[in-house]
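Below: one structure, written as structure tokens.
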Number of protein chains: 2
Amino acid sequence: MSNPTAAMLVIGDEILSGRTRDANMYHLAGELSAVGIDLCEVRVISDDPGAIVAAVQALSAAYDTVFTSGGIGPTHDDITADNVAQAFDRPIGVRDDARAILAAHYENSGQQLNEARLRMARIPDGATLIDNPISAAPGFTLENVHVMAGVPTIFQAMLASVLPTLTGGAPIISQSQRIYRGEGDIAGPLGALAKRYSNLSIGSYPFQQDGVFGAHIVIRGNDAAQVTAAMAELNAEFPT
Amino acid sequence: MSNPTAAMLVIGDEILSGRTRDANMYHLAGELSAVGIDLCEVRVISDDPGAIVAAVQALSAAYDTVFTSGGIGPTHDDITADNVAQAFDRPIGVRDDARAILAAHYENSGQQLNEARLRMARIPDGATLIDNPISAAPGFTLENVHVMAGVPTIFQAMLASVLPTLTGGAPIISQSQRIYRGEGDIAGPLGALAKRYSNLSIGSYPFQQDGVFGAHIVIRGNDAAQVTAAMAELNAEFPT
């Protein structure tokens, strides 16, 4: 499979401290899979400037597209925008277009565009804004990095506006089958199947249910006919 | 805070493809937090040998302790043990103590210890086994890396036997408060509070509920009295 590649960078102490269960990784993984972009790596790091700069540089160099979530609000721990700017050695400041978006939003809602909120208009030079239909404060795209909010509803809305701008590959076809046999009984024939269909990705994900061991076998690839053929061979080997 | 540091490496295509929602990260984060070990980074990577070796080496060098989950079963895509051995340049083969554990388990359950299952006895030289009370196949500890199963029940059981062997720091005290004000109204006073209590970690996690914006403010640190004092100042600033 030679689809475009992507990585995700989740920025936030709340995930690492066990306080919050991340929801954005699962959502992004499903959306990218549907448009044929391979999510190859996810990193979760804390609100630490050095860690953010290093991770943005490493992931941006290694993959076609990078998505970040978290750290673009108005509080002191929202440092993502400044660190992404630093990662690409770009100046950053309050930008007029972003300020105008915030000014209109807060005027409509009768709230004050104070100094803290104005931090959300800090956008690196040369970045393109990402629309935020929920709470106005925009994300942005700089080079191949899409900087988005951590709040799941806003993350999802931003992703919906970014996705159509990306070039996907062939959507990945996936078929799965539950086999109620120990993985150790499945492993031999499955390994042989994986060798015969070397351009498919064949995974085995064990489960345990009411004391019975089994495995979900998932066959994935760009070629639907091949996926179907491989699944037929699997079913012949392990009739249900 | 100068607690011991930890990282987690989640190995598995099923997370990156959006098929499975990871559960082990959230569990590990909570358990480590309770014993005063700071989870600093999580990486999710695919079943790719080069990626696993590189990630194990990078995380092992950067943090006191590393936990991996996934890829230690009997099927062709279970390559974690071999790659961890390679990361530390250690020989790996079927080890007698691990084989004995599997032989006893499969004899009891009337299943065959076939070639595929025997792969689960492949343990790097010098590693210590981690008990698996659920399905027998052991994890192992090599250097500062704990290699554990991806199935959540087994991951949790293995973690329970590893945790008491680790030296934790002072448990982290955490207090939180919901404030029903826009984050932009909270940001100024909160930033000043964070400056006054520079040895505490003060986070703001915005939420949206029935159209109302607010933020969870979380104050964390090793010193309970300081956490309480900072929370009192926050409550005085934003009475509920």
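Of all the residues that make up the range B:191-204, how many are surrounded by 19 or more Cβ atoms within 10 Å (Cβ to Cβ), in a helix (DSSP H, G or I) and more than 8 Å from every other protein chain (Cβ to nearest Cβ)?
1
Can you confirm whether B:T165 is surrounded by fewer than 16 Cβ atoms within 10 Å (Cβ to Cβ), facing chain A (nearest Cβ under 9 Å) and of a type outside the set (A, V, I, L, M, F, W, C)?
Working: surrounded by fewer than 16 Cβ atoms within 10 Å (Cβ to Cβ): yes; facing chain A (nearest Cβ under 9 Å): no; of a type outside the set (A, V, I, L, M, F, W, C): yes.
So B:T165 does not fit the description; no.
Output the residues belonging to the range B:99-140 that are exposed (fewer than 15 other Cβ atoms within 10 Å of the Cβ), free of Cβ contacts under 8 Å to residues at least 24 places away in the same chain and touching a Phe, Trp or Tyr at 6+ places or on another chain (Cβ under 9 Å).
Across the range B:99-140, the qualifying residues are B:Q112, B:T128.
Restricting the range A:26-51 to residues that are within 7 Å of another protein chain (Cβ to nearest Cβ) and of a type in the set (A, V, I, L, M, F, W, C), which is nearest to A:Q156 (Cα to Cα)? It would help to see each step written out before you state the result.
Just the residues of the range A:26-51 that are within 7 Å of another protein chain (Cβ to nearest Cβ), to begin with: A:26, A:29-30, A:33, A:39-46.
Narrowing further to those that are of a type in the set (A, V, I, L, M, F, W, C): A:29, A:39-40, A:42, A:44-45.
Details: A:A29: 12, A:L39: 16, A:C40: 19, A:V42: 17, A:V44: 18, A:I45: 20 Å.
Ranking the qualifying residues of the range A:26-51, first place goes to A:A29.
Just for the range B:179-190: of the residues that are surrounded by fewer than 19 Cβ atoms within 10 Å (Cβ to Cβ) and assigned to a helix (DSSP H, G or I), which one is farthest from the other protein chains (Cβ to nearest Cβ)? Break it down stepwise before answering.
First pass over the range B:179-190, keeping only residues surrounded by fewer than 19 Cβ atoms within 10 Å (Cβ to Cβ): B:180-181, B:188-189.
Going one step further and asking which of them are assigned to a helix (DSSP H, G or I), we end up with B:188-189.
Working: B:G188: 5, B:P189: 9 Å.
Filtering first and then ranking leaves B:P189.
Being within 12 Å of chain B (Cβ to nearest Cβ) and either surrounded by fewer than 23 Cβ atoms within 10 Å (Cβ to Cβ) or in a loop (DSSP other than H, G, I, E, B) (or both) is true for just one of A:A54, A:A61. Which residue is that?
Numbers: A:A61 fails: within 12 Å of chain B (Cβ to nearest Cβ).
None of the others qualify; the one that does is A:A54.
Residues B:D48, B:D96, B:D38: which one is out of contact with any Asp or Glu (no Cβ under 8 Å at 6 or more places or on another chain), surrounded by 17 or more Cβ atoms within 10 Å (Cβ to Cβ) and either touching a residue at least 60 places away in the same chain (Cβ under 8 Å) or more than 25 Å from A:S46 (Cβ to Cβ) (or both)? Lay out the reasoning, then the answer.
Values: B:D48 fails: surrounded by 17 or more Cβ atoms within 10 Å (Cβ to Cβ); B:D96 fails: surrounded by 17 or more Cβ atoms within 10 Å (Cβ to Cβ).
Step by step, each of B:D48, B:D96, B:D38 is checked, and only B:D38 is out of contact with any Asp or Glu (no Cβ under 8 Å at 6 or more places or on another chain), surrounded by 17 or more Cβ atoms within 10 Å (Cβ to Cβ) and either touching a residue at least 60 places away in the same chain (Cβ under 8 Å) or more than 25 Å from A:S46 (Cβ to Cβ) (or both).
For A:R196, indicate whether it is more than 16 Å from B:T20 (Cβ to Cβ) and outside the structural domain of A:V35 (by TED's automatic domain parsing). Let's see the steps before the verdict.
Working: more than 16 Å from B:T20 (Cβ to Cβ): yes; outside the structural domain of A:V35 (by TED's automatic domain parsing): yes.
Criteria met by A:R196.
Being outside any helix (DSSP H, G or I), more than 15 Å from the chain's Cα centre (by Cα) and at pLDDT below 95 is the filter here; which residues of the range B:138-178 pass it?
Across the range B:138-178, the qualifying residues are B:T167, B:G169, B:A170, B:P171, B:I172, B:I173, B:S174, B:Q175, B:S176, B:Q177, B:R178.
For the range A:32-51, what are the residues that are under 21 Å from A:S17 (Cα atoms), touching a Gly at 6+ places or on another chain (Cβ under 8 Å) and either modelled with pLDDT of 95 or more or part of a helix (DSSP H, G or I) (or both)?
Of everything in the range A:32-51, just one residue is under 21 Å from A:S17 (Cα atoms), touching a Gly at 6+ places or on another chain (Cβ under 8 Å) and either modelled with pLDDT of 95 or more or part of a helix (DSSP H, G or I) (or both), namely A:V44.
In this structure, is A:M231 closer than 30 Å to A:S46 by Cβ and either crowded, with 17+ Cβ neighbours inside 10 Å or within 11 Å of another protein chain (Cβ to nearest Cβ) (or both)? Full working, then the answer.
On the way: closer than 30 Å to A:S46 by Cβ: no; either crowded, with 17+ Cβ neighbours inside 10 Å or within 11 Å of another protein chain (Cβ to nearest Cβ) (or both): yes.
Considered against the rule, which asks whether it is closer than 30 Å to A:S46 by Cβ and either crowded, with 17+ Cβ neighbours inside 10 Å or within 11 Å of another protein chain (Cβ to nearest Cβ) (or both), A:M231 comes out as no.
Identify, please: which residue in the range A:205-216 is under 17 Å from B:T20 (Cα atoms) and more than 9 Å from every other protein chain (Cβ to nearest Cβ) and is, among those, modelled with the highest pLDDT? Don't jump to the end; show me each part of the working.
Let us first name the residues in the range A:205-216 that are under 17 Å from B:T20 (Cα atoms), namely A:205-209, A:214-216.
Checking the rest, the ones that are also more than 9 Å from every other protein chain (Cβ to nearest Cβ) come to A:209, A:214.
Numbers: A:Q209: 75, A:G214: 88.
It comes out as A:G214.
The values are calculated or read from the model by the stated rules, or taken from the named source; none is laboratory data. This one's a predicted model, so the numbers in the text were calculated from it and none came from an experiment. Ideal geometry is used to build each Cβ from the backbone, glycine not excepted, and the neighbour counts take in all protein chains shown.
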